[in-house]
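Every number in this text was worked out from the coordinates using simple rules, so none of it is lab data. Here the structure is a predicted model, which means the values were calculated and not measured. Virtual Cβ from ideal backbone geometry, glycine too; neighbours counted across all protein chains shown.
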Amino acid sequence: MEIDQLETFLAVISYGGFHRAAGALHVSQPAVSARIRSLEDSLGATLFERVRSRLLLSPAGKGAPAPCRTTSSHRRCGAASGP
């Protein structure tokens, strides 16, 4: 798990989608998709579900540890998780 993956996960939640998160992070939308896919692969779980053109957190995404879900503490969470 990498810090950029956690930042991207939080941005997708905060901005409500991959495209808006990409703009906020100053990266391309495919880069956001790749980061999320890599995070999902490392966790072994799908974090988002697409339902009728809407992006929703999956049960695994909703179950993300609380410290990782707040922008003020996500660096601490990533640092504690290790490479």
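Would you please state the base-10 log of I(q)/I(0) at q = 0.13, 0.14, 0.21 1/Å for segment 1-58, with intensities from the Debye formula using one equal scatterer on every alpha carbon?
-0.27, -0.32, -0.73
Taking 0.36 nm per residue of sequence separation and subtracting the Cα-Cα distance, how much length would be gained by fully extending the chain between SER42 and ALA60, in nm to one decimal?
Roughly 5.2 nm would be gained on extension.
Give the order of ILE3, ILE36 when sorted by the count of other beta carbons within 10 angstrom, beginning with the fewest.
Final ranking by Cβ density, sparse to dense: ILE3, ILE36.
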